[in-house]
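**Q** Please see the structure below; I have some questions.
Rule-based calculations on the coordinates, nothing more; no lab input. All of these numbers come straight from a predicted model, not from anything done at the bench. FYI the Cβ positions are ideal-geometry reconstructions off the backbone, even for glycines, and counts take in every protein chain you see.
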Amino acid sequence: MNGDGGFVYPFGHGLSYTRFEYRDLEVHSEAATDGTIRLAFTVVNVGERDGDEVVQIYGHDVVARTARRGRTLLAFERISLAAGAGSRVSVEIPTSMLALWDSRDGWVVEPGLIKLFVGASSAAIRLRGETNLVGSDHRTGPARNLFSRVATTELNAAAVAAGSNSSSFDAPALTDASTIEQWLGHPVGRRLFLDALGAGEDFDDDALAQIKALPPAQLVYLSGGQFSAEAYESLVESATEREVFAPARSLKGTSTVSDWLNDPTGRPALLRALGADETFDEGALQPVLETPLRQLVALSGGQFSQTAYDELLASIEHATASESV
């Protein structure tokens, strides 16, 4: 442990005299609760020396009846690769490894979303995917299987050169309203977001656990200057150029208060209309976050007038028109 209470090295940490590239993740989209999760990926030694790499696969049960750990080690394998060589790694994970203990049902595997992480340690995650466990709750009994199967296949030079460095699942486009968690889980958006933060691939997502449900735009106001408006604008520009970002629909009177607060243009405009500044506590609007903005005129008891509402919409329409020129 170091002086501030954090870890010195993450679980699974190791060093090498060469560099390894992970790519081409394929994950079966579904697995039965009493079945097997299957995935495969490629590891290539892109350094100038021969070396060993311990590939590690972690999983996270997103929704469960009890609190689950952020990541659970599900499989690992040491592979030896000559400089320039690559290997295809195939993994079979029994779903029983994701069982939770229930005082009534014993060890049980529940249906739901499982996030998968592939990398060189619990923090050095190189690939991300997900699968869904389907079916009814499966009671494994005390003799549950706790061992995965990992097989490796050496790739020829043509297969190594043909790698696409991508994942097989299609990710939805990111928008202004996408959360930090969605950016971190996106195969392209993650790298762009980390670049905007000035972080590397070894960044531990848990550092943002308290704010992962917020859109990145709100970091501008919450980070105390560490994530500037310019950084956010650059992030959106980069994501748009990579065709993974779709601008949110223009704000209207029928847009919710939450939509306005999450929009980088709408937020400051709404705060000005309310006579507030950036230190405004959004908790004061919690009861009306999902209410269309136009209803605030009737609900605010005169604090948000019809005139203020009309001027707010006019200012947004002007800003949108200016951006489109």
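**Q** Provide the packing ranking of 43-56, 9-22, i.e. peptides ordered by the mean count of other C-beta atoms within 10 Å per residue, highest first. Write out the running numbers ahead of the final one.
**A** Numbers: 43-56: 18.2, 9-22: 14.4.
Descending mean neighbour count gives 43-56, 9-22.
**Q** In degrees between 0 and 90, to the nearest 10, how far off the longest principal axis of the chain does helix 229-241 point, with axes built from Cα atoms?
**A** It is inclined by approximately 60 degrees.
**Q** Below 12 angstrom from the Cβ of V63, what's the summed charge of the other residues (Lys, Arg +1; Asp, Glu -1)? Before the final figure, lay out the partial values.
**A** Details: positive: R65, R68, K115; negative: D61, E110.
Combined, the nearby Lys, Arg, Asp and Glu give +1.
**Q** Let me check I have the definition right: for the chain, take the eigenvalues of the Cα gyration tensor, multiply each by 5, take square roots. What are those semi-axes in whole Å, largest first? Write down the numbers at each step before the final one.
**A** Working: eigenvalues 371, 127, 65 Å².
After diagonalising the Cα gyration tensor, the semi-axes are 43, 25, 18 Å.
**Q** Rounded to the nearest 5, what is the percent of antiparallel bridges among the DSSP beta bridges in the chain? If you can, show how the numbers build up before the last one.
**A** Values: 51 of 56 bridges.
That works out to approximately 90 percent antiparallel.
**Q** Where Lys and Arg each count +1 and Asp and Glu each count -1, what net charge lies around A151 among other residues with Cβ under 12 Å from its Cβ? Walk me through the intermediate numbers first.
**A** Working: positive: R38, R88, R149; negative: E77, E92, E154.
Charge balance in the 12 Å sphere: 0.
**Q** How large is the charge dipole for the chain, taken about the Cα centre, if only the Cβ atoms of Lys, Arg (+1) and Asp, Glu (-1) carry charge, to the nearest 20 debye? Intermediate results must be reported in sequence, preceding the final value.
**A** Working: 26 positive and 44 negative charges, 185 e Å.
Computed about the Cα centre, the dipole is about 880 debye.
**Q** Take peptides 281-292, 212-223 and line them up by average Cβ neighbours within 10 Å, highest first, as a rough protection proxy.
**A** Peptide ranking by packing, descending: 212-223, 281-292.
**Q** Using a ≥ b ≥ c from the Cα gyration tensor of the range 180-241 (square roots of the eigenvalues), is it rounded, prolate or oblate, where a/c under 1.5 gives rounded and otherwise the larger of a/b and b/c decides, a/b for prolate?
**A** On the way: a/c = 1.42, a/b = 1.01, b/c = 1.41.
Rounded shape, in that the Cα axes give a/c under 1.5.
**Q** Next question, about the same structure. In percent, what relative contact order does the chain have, based on Cα pairs under 8 Å that are 6 or more apart in sequence? Don't skip to the end; give the middle numbers.
**A** On the way: 577 pairs, mean separation 46.7, N = 325.
Dividing the mean separation by the residue count of the chain yields 14 percent.
**Q** Residue farthest toward the positive end of the dipole of the range 180-241, with Cβ of Lys/Arg at +1 and Asp/Glu at -1: which of S234, L219, L194?
**A** Checking the options against the dipole of the range 180-241, the answer is L219.
**Q** Near A85, within a Cβ-to-Cβ distance under 10 Å, what is the net charge of the other residues, with Lys and Arg +1 and Asp and Glu -1? The partial results should precede the final answer.
**A** Details: positive: none; negative: D50, E154.
Overall, the nearby charge balance is -2.
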